[in-house]
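The next block holds one structure in the form of structure tokens; read it before the comments.
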Amino acid sequence: MKAWGRLLAATGAALVMLALPAGASAAPTAHPRHVEVIPPSVSGSVDLGKQHGYRVSVAFGEPDVAILTVSRFRSARLSTEETKYGAHLRGSLSGARVRADFGAVGSIDLRFHRQGPPRKLELLKECDGKVPLVETGRWVGRVSLQGEEGYFAVSTGSASGAIDRVFRLSCPVKHPFPLPGHESLREQVEPHVGASLISVLVGTVSSLEAVESEGARVVALRAAHASGSGPGAEVEAGAFEYQGQMPVGRTVQVIGSRPGSLVTTLPGEGPATATLKPSEPFSGEADYVATSPAVHSWTGTLAVRFPGLSVPLAGPGFSSTLCVVSNLVKPLGCEYQQPDWQGGEGSTSVGRPR
């Protein structure tokens with residue numbers, strides 16, 4: 001469904017151009033049409049239910065991707081906790097037989113059995129081809145998975161799921177349109193800690209970021225206060241590493257942190273300081289201090305509990321940067337300010353590349 005949704009959105013955006021007039025006084029004329037060909041694709045998913053409050057599922061994609069996702073959403077504080085494990089798919093997704101090895105976390109070996117007729121999805125009327133299908137049913141075989149220190153565990157021989165099939169389509173359009181690009185296994189697993197949609201739309205009056213790269217693991221943190229929002233900061237953290245050949249990405253985001261979770265000096269006031277003390281699954285607090293225009297520090301007991309991993313979020317190994325602005329002076333906010341990274345090893349891709 002996700003793959004077809006992206007294709008449908010891209011196709012629809014391009015086809016809208018066909019309905020736009022060339023000009024108020026222009027007479028109707030025939031325009032040459034470019035035939036955009038959407039190649040066939042297959043994706044699938046298996047729902048492994050809830051374990052200790054976490055939703056566990058595996059998504060399959062072409063050409064050989066299997067992503068195990070363990071996640072939890074807490075509505076009381078609008079928080080999301082998620083860990084993704086990536087593996088290369090073996091077998092044949094189009095043939096409804098899949099195998100994947102998730103290293104120390106476990107493995108799956110499943111065959112899909114459809115139950116009932118497939119469901120047909122909507123096909124854009126401008127396109128020619130067979131309509132996409134969603135087949136629902138059960139995956140049967142072997143599932144043996146367990147997270148670090150047993151934070152989840154699934155052992156079963158059957159689970160519900162689906163296979164989505166998109167067939168070759170030909171769509172006449174005035175101009176070629178961009179199709180979703182292929183993402184590597186790492187790109188689909190690696191978290192990207194950065195500006196949220198609300199931050200981009202309304203801007204932020206304060207933003208604190210910190211990044212550490214220790215060995216094979218990269219950890220990133222961001223806390224921000226959106227313009228015009230109530231008390232409390234939006235706080236998120238991400239971690240990425242390889243466990244052997246398996247990429248592992250973890251993310252925590254808390255939209256509704258308690259009031260006073262991020263306290264900073266006023267715009268232009270020096271020395272610039274900030275104190276961050278967010279809600280669970282974060283713990284402790286940390287302080288940012290700019291001892292001079294060229295030197296700042298990020299220290300404290302701040303830590304985060306990802307699904308399957310707890311790590312510190314402050315210390316001498318972290319690079320950090322702080323932005324505090326006035327909307328009257330800089331209406332676009334911190335999202336458009338050049339950061340001033342200091343300390344640690346500098347910014348990385350898990351944070352926000354500059």
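The values are calculated or read from the model by the stated rules, or taken from the named source; none is laboratory data. All values reported here derive from a predicted model rather than from experimental measurement. Neighbour counts run over all protein chains shown; Cβ positions are idealised from the backbone, glycine included.
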Completion exercise
Subset of segment 250-269, residues over 30 Å from residue 69 (Cα atoms) and either in a loop (DSSP other than H, G, I, E, B) or under 19 Å from the mean Cα position of the chain (by Cα) (or both), comes to 259, 260, 265, 266, 267, 268, 269
Exercise for the section: Return yes or no: is residue 278 closer than 17 Å to residue 220 by Cα, part of a loop (DSSP other than H, G, I, E, B), at pLDDT below 95 and out of contact with any helix residue (DSSP H, G or I) (no Cβ under 6 Å at 6 or more places or on another chain)? Expected result: yes
Problem - Test result for residue 49, free of Cβ contacts under 8 Å to residues at least 40 places away in the same chain and part of a strand (DSSP E or B) - result: no
Practice task
Give segment 221-240 a look and list any residue that's in contact with a Pro (Cβ under 8 Å, 6 or more places away or on another chain) and modelled with pLDDT of 90 or more, or say none.
Solution key: 223, 235, 238, 239, 240
Fill in the blank from the handout: Taking segment 73-87 and the residues there that are surrounded by fewer than 21 Cβ atoms within 10 Å (Cβ to Cβ) and either of a type in the set (Gly, Ala, Ser) or assigned by TED's automatic domain parsing to the domain that holds residue 99 (or both), the one that is farthest from the chain's Cα centre (by Cα) would be 76
Practice task
Check whether at least one residue in segment 43-59 is more than 21 Å from residue 153 (Cβ to Cβ) and aromatic (Phe, Trp, Tyr), and report yes or no.
Solution key: no
